[in-house]
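The values are calculated or read from the model by the stated rules, or taken from the named source; none is laboratory data. A quick note: this is a predicted structure, and the numbers were derived from the prediction, not measured. Counting neighbours? That spans all protein chains shown, and the Cβs are built from the backbone with ideal geometry, glycine included. These accessible areas exclude ligands, DNA and RNA; they are computed on the full protein's heavy atoms, side chains included. Shrake-Rupley method; radii C 1.70, N 1.55, O 1.52, S 1.80 Å.
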Amino acid sequence: MVDSALAPPVLGGVGVVLVLLLTLPSIFGGVSHFREPVAKPETYQDKDGVATDESMSRYSARIPKGLLAFFSVLGLLTSLALGVLGTLDPQKSLLIENWLNVAQWGLILVQTTSILTARDTVRSYTLGIYTVLSCILLFAILLHEDQHLAEQLRRTSFSGFSLIIGLRALQLFLAVFAGFASLSIPRRPEVYHGGNPVDRMMSVSALHRYSFAWVGYLLARARSKNRLNQDDLPTMNHYTRAKELSEEWAAMKPSSRIWIQIFRAHKYSFMVQWCLTLGQALGNFAPQYVIFHILQILERRIPGEAVDPEAWIWVLVLALATIGASWNESWLFWISWSEIAIPVRSQLGGLIFQKSMRRKDVKGAAKEDKKEVPEGEALAGALGDAEGDKPETKEEEDSDPKSKQSTVNLIGVDAKRVSDFCSFNNYFPGSLFKIVVSFSFLYSIIGWKPLLAGGAAMLVSLPINIYWSKRYSDAQDRLMKVRDTKMGVVTEALQGIRQIKFSALETNWHEKIGKVRNRELSEQWGVFICETFLIFCWIVNPIALAATSLAVYAWVEGELTPSVAFTSIGIFGSLEVTLAVLPELTTDLLDAWVSIDRIEKYLNSPEISQTTSDGPSISFDGASIAWPSDDEKEDGDERYVLRNINLSFPENELSVISGKTGTGKSLLLAAILGEVDLLSGSLNVPRAPQTRNRHDDLATMDSWIIPTSIAFVAQIPWIENASFKSNILFGLPCDETRYQKVIQVCALNKDLEMLSDGEDTEIGANGINLSGGQRWRVTFARALYSRAGILVLDDIFSAVDAHVGRYLFEKALTGELGVGRTRILVTHHVALVKTKTKYIVELGDGTVEHAGLVEDMENDGTLQQIIRHEETESQIGDDEDGTVGLGEFSGNGTEPLKKVYSKKPDVKKFVEDEVREQGRVKTAIYMNYLTSSGGLAFWSLALLSFGVLQAVVTGRSWWIRVWTGDQQHTSLNHAFTYSFQIHDLAGRPSTHNMTTFTAEQPGHTLKYYLLVYVGFSVTSAILGTFRYWWIFTGSIKASRRLFDRLSFTILRTPLRWMDTVPLGRILNRFTADFNIVDGRLGPDLAMGANNLFRLVGIMIAGILVSPWVIVLSVSLLSLCLYIAVMFLPGAREVKRLESNAKSPVFEQFGSALTGVGTIRAFDKTDVYITRMFSKIDDHSTSYWHLWAFNRWMGWRMSIIGGFFATFVSIIILLMKDIDASLAGFALSFALEYTSTIVYTIRHYANIELDMNAAERIVEYSILPTETLEGADPPAAWPSEGKLEVNDLVVAYAPDLPPVLKGLSFLVERNERIGVVGRTGAGKSSLTLALFRFLEAREGSIHIDGLDISKIKLEALRSRLAIIPQDPVLFSGTVRSNLDAFNEHTDDELRDALLRVHLVSEDDLTAASPPLLSPELGSSASPTPSTSSTRSLRNSNPFTSLSSPITEGGLNLSQGQRQLLCLARAIVSRPKIMVLDEATSAVDMGTDALIQRSIREEFGGSTLVVIAHRLSTIADFDKILVLGEGKVEEFGTPGELFGVENGVFRGMVRESGERHRLEQIILGTANLEDRE
């Protein structure tokens, strides 16, 4: 032990050594600076960004540096003066210490000099931090010396006393001022990244950074403007940006496990987090430790005397401890989110998206552990549906996601789970630290016996806690799985909404979604029940701990003092929160483990391998190929395989691939793109240069084409949500001449003229606002405009009219822009393209039937054989005749092309930006939620339970005060009277006669006090549990009602609204927003109310002590409210931004996954990765600022709370007649003031932010729906199918011009009507009007004499049927797609498949075992011979009604999807049927058979057929010719053909099949030819 006289010199010596160590960086820096002087850089630059001239001129550190120099010099002079005075002092008081202080000030001056001379701003800032630490050390040493000096001066006298005291006080102030000056040095000038300012956290001074002051300007802006936009938020630093994080990940050495990689990537942040957690464990109990000592001092005090001076030291320590603990906790939270959670989520999101751009594009149905869905189970069984589509097995949960939605969930759900766990992983070591600290403290104040007894009581409740924690964990798991199921069902409903509306299935799907929703709410209620029991345990455990420990202590010691009672109860409360959170943390750990496992499997899943070799031309050498699969190859591999392919496509020529529907034409193209599994053989494709070597910006007309580059047009056109022009340019620079040529040769001029904003018109996702033909031509234009020398084209003629197809062939495919490029085309129109085709391939069942040069094939007759396989005689004539009039598209050939600009000054956005509310959440939203949850009666009882509970809790603490207090002060009456006496804080004794209140009370036993305490506790436990249970019941009610309204509305919104709103936005409401409303809003309301009543209780407790406390409470509360008013507008706005920023991430991910084949073919993956990084950064930015604002508020609130506890302590110590028990009662509440005020404001903010989710839900719940009014038609309506249209005028929107202008025609019963017309004539609009998707402005439509505008929409649409050009299938089985709601027998369904030629009688016979015994399914073991035979044959998926259909039917070809939709229509047998080019993707032979089936099957129905080919409808009863929204002609084909100069006659004359058509129309052709 160091002698007290030697202590200050020793401490001073240690201080000099430490300050010297802190000075070393300054010394070394100064030496290197003078050795090699470095010029001040003109512009500052680092990884975050680059400073501008303006920001460089704004940067200045002169004032803080100047003040630092001034205070350091003055401090050195002051210390010298003290050193001299100490030397002259005869008693040599503090002589050594004074000169040691001179040395410290000298070292600080050296540091200051280095700061002043440093050219590097960051170096100045860093050295300033060292100087702050030096000043803190100096301040602590000076305080200790002053205490020692004060004791000396009390014993002796010295003439220069006042001068020394003044100089030493000046030294203290100078040390503080020098420290603040060092903290105020800004780190760097403001920097910019990509033209946007980077967040200022790393630019401002340490003082601003560590007090979160740098976001103050954003909060002020939000307060003044009541608005914040994404552009107002600065860009993140490089530690948070997705691109830099992904590069950092790629640069690391790969690890076997991803969680190890995450830790390595962020190891320093994790280390800081754990160190701060240790500090938090100590800081949490520091105030209790201080209160214990203050209460002990008050217990020793004689009433009426002044308090011991030691108490004031403890008050100062309390202030420093509470403020220090608050800062530690604030910075811990900030590090956990800003440096760990947000970067981890951003990093994982970027990695998952990058992987998706490299991953195999698997379209097949995943195997389900050899389990097959039973045939009797239909999609309609709602719960069964979802389960059938997505089995809820552990294997499925853990398996690597294959569906598009599951992949998107990796970013939306799994990455968030992992990042959230990373943010609070420190709770595990933190809990251990807190247990060690608290038990050590408790042992020191109550001893081991009471502590052991309390521990035993806690252990009794531990099994109950563990049991309910396990139940809670399981319930959460089940809830997450049901949410996944719900997301799948809702996604399918939204993706197939057109089909649902056309078929009037809204009610069925509403019920289907509702059933899955009921399961979700049932699981949510299970979670709430577990939570209620856990809350009961958390309330009861500290009561049991405290009651047991204090009873044993009182029994052992014979008394219970206030210091022991109130301190122990405070520690027990803190400890129980620590222990209670562990089970939930364990659950979160398991959830995160499952999620990280799913992410790891996805990141380790197979990528597209280099299946192609570099070669001069595209060729296959004995290649066998199949669609990609993630599964190991096995006997049950049912993929379609093309075997033993030997092909060589000639360079710079047109090659054609043909074959029947489902023979693998698209598979062959995918092989060229490298998108298949190469099972054997080899495949040569010229290797394209890398994107960065293409230098697109330098391309000229001469160097435009890159011979080895590839462009691709997919069978399902992939179009982005962007402008018309952007979709064609696809990221390339605009060459106006080339662009205009492309527009012309793709026949897009007229389309542009019709579009409201010309080339600037925004196209919805997947080209939703374009016709089928327009979508194909836009994607074809994209390929033509590209720099690719190889064009891979999948069936570009199927969706366009015959004359348009010929025009595209003549002008585009083989015109100026096509010639000289290698073009590989899949088509059924062989006769159309044969004249300019060099090489032709015909595919059969899993192999190449014929392949060779056209010239050779013509000579040996093979070509004609191929053509006959593909087309009928009439179709051959159509394709071969080259007399199609092209003037419609090309003008007269001399008129220059006109550029079609937007017709309006402001381009109308098809997809509007997401609406964002402004200001606070409207009262109507709160009222909507409160009413939905139970209304006035419900919430009155809730508030009453909270109020009574707080009264009981306050009463319980008062009882402890009674238990531990003097008998003269045990009445509540005394407390109130005492409280409002005029206390003289200066210390004069009160003149009031205290004897009135000193009546002796009879003594009570320990049992009496304990029983009353337990009574209070049991009541509070029951009430505390009841209030949460009650709130949970209301939460479930509100969730059910809100969801039902939203689901009902969304399913019935107008189709145009659905087309203009991205799917991600709507899904956000159904998933993320409802997750908040279901699981967070109720608990947050409960906790907010709990904290509000606690705050009232604290203020009442203050009244019981002194009126000064209530004045102080109100004053500090006013300050807190001011901070809250500054905080809330900004927090609300960034929360709304964060909610809105999620949707673009999911939309971009979903869109890119859909078009991944096109993106990879065009080699645009880097472009889309960069774009995704930008969207992830936008979300990270808003979320990051939400936490920054949160910490800004929390830190300031904590400071105010710390002052409250300090001031209450001061008031108590100044009151000479207060006893320790009343002080303990007041201080125990005062310590809660900080957390209570912070959590009250935070929960109010949380409620506001949670209500943002309710606000978004309500916004979509009150959207206008399609009319629900109307009469019910007769049950048998329509019995005849008579259709009458009178003067019909319709438009797509009230502000748009009409698309049908006075349409009139009459269709008699069972007539077949063909509708023809150019693109934009109004054919599709007529269909929409017939189903009332477009309501009539004028005129009417009558069916069987009923005006369709007067009957219910559901009744109308359910009695009609349509087969759209774009087939809509749902994931499930063949059966679920044919008969979604289990209304037909298996025989009826198989019969429909037969009639559309998806299966033959032979197929059904061969597959009879699985058909008759579906439960055997694929699990029946085939014989070896059967197995080997099957391995060489491709199976027909339609032979079993239980064959799986993947999302969107992507495991089927386009033709197969169309035929399945046709079979669905045959099953329903409507009286009026509309076909919109329903077999465009089917080979000609099958098409002819289907046309025959249509004639046979729908002989008793009225048919309205929109046709691109006149031969399809030439023998119909009547032809309706539309032009610009009007009826050009209407009548029988013969009548119209007889009209001289008639439109129909002109179309026939222009057609390539003119002679054939004339024969059909005039009745000279035989029926077989027509079919």
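Things worth noting here:
- Proportion of all alpha-carbon pairs of segment 1101-1150 beyond 15 Å (%): 66 percent
- Summary of packing: across the peptides 251-259, 1050-1058, 330-338, the per-residue average of other C-beta atoms within 10 Å ranks them, highest first, as 330-338, 1050-1058, 251-259.
- Of the residues Tyr1013, Gln1148, Ile1031, the one whose Cα sits farthest towards the positive end of the charge dipole of segment 1003-1153 is Ile1031 (charges of +1 on Lys and Arg Cβ, -1 on Asp and Glu Cβ, taken about the Cα centre).
- Alpha-carbon Rg with Dmax, taken over segment 691-838, Å: 14.6, 41
- Flagged links, alpha-carbon separation over 22 Å, of Lys741/Lys1323; Lys660/Lys811; Lys501/Lys1323; Lys243/Lys1142: Lys741/Lys1323; Lys660/Lys811
- 3J(HN,Hα) couplings calculated from phi for segment 814-827 with the Karplus curve 6.51 cos²θ - 1.76 cosθ + 1.60 (θ = phi - 60°) are, in sequence order, 10, x, 4, 7, x, 5, x, 9, 6, 10, 10, 10, 8, 7 Hz; Gly and Pro show x.
- The distance linking segment 1268-1321 with segment 58-81 is 87 Å (Cα centroid to Cα centroid, whole angstrom).
- Principal axis dimensions, segment 1250-1336 - Cα atoms, whole angstrom, descending: 58, 37, 19
- Mean Cβ count within 10 Å, highest first, over the residues of peptides 1326-1339, 413-426, 924-937: 413-426, 1326-1339, 924-937
- Chain lengthening between Arg1041 and Lys1526 when straightened (0.36 nm per residue, less Cα-Cα): 170.0 nm
- Cα-based equivalent ellipsoid of segment 524-592: semi-axis lengths in Å, sorted from largest, via gyration tensor: 32, 12, 8
- Alpha-carbon Debye profile of segment 175-320, log10 I(q)/I(0) at 0.10, 0.11, 0.13 Å⁻¹: -0.68, -0.78, -0.93
- Counting all C-alpha pairs of segment 564-717, share separated by more than 21 Å (%): 66 percent
- Per residue, the Cα convex hull of segment 254-309 amounts to 78 Å³.
- Rounded accessible area of Phe433 (nearest 10 Å², 1.4 Å probe): 60 Å²
- Size-normalised alpha-carbon gyration radius of segment 496-550, reference 2.2 N^0.38 Å: 2.24
- Ordering of 1209-1222, 1305-1318, 1288-1301 by packing [mean C-beta count within 10 Å, highest first]: 1209-1222, 1305-1318, 1288-1301
- When the residues Trp448, Trp468, Trp776 are ordered by accessible surface, computed with a 1.4 Å probe over the protein chains alone, the sequence from largest down reads Trp448, Trp468, Trp776.
- Taking the C-alpha atoms of segment 1117-1209, convex hull volume expressed per residue in Å³: 81 Å³
- Percentage of interatomic Cα-Cα distances in segment 703-745 larger than 12 Å: 71 percent
- Distance distribution P(r), segment 498-643, all Cα-Cα pairs, bin width 10 angstrom from 0: 8, 15, 15, 18, 15, 11, 8, 6, 3, 1 percent.
- A Cα-only calculation for segment 1268-1413 places Rg and Dmax at 19.4, 59 Å.
- Normalised by residue number, the volume inside the convex hull of the Cα atoms of segment 1296-1345 is 96 Å³ per residue.
- Using all pairs of distinct alpha-carbon atoms, the Kirkwood hydrodynamic radius of segment 54-137 works out to 14.1 angstrom.
- Once divided by 2.2 N^0.38 Å, the Cα radius of gyration of segment 424-558 becomes 1.74.
- Here, segment 1029-1176 has an Rg and a Dmax of 23.6, 78 Å when only alpha carbons are counted.
- The length gained on full extension between Leu462 and Asp308, counted as 0.36 nm times the residue separation minus their Cα-Cα distance, comes to 51.1 nm.
- Stokes-Einstein translational diffusion, segment 763-814 - Kirkwood Rh over all Cα pairs, 1.567 mPa s, 4 °C, in µm²/s: 111 µm²/s
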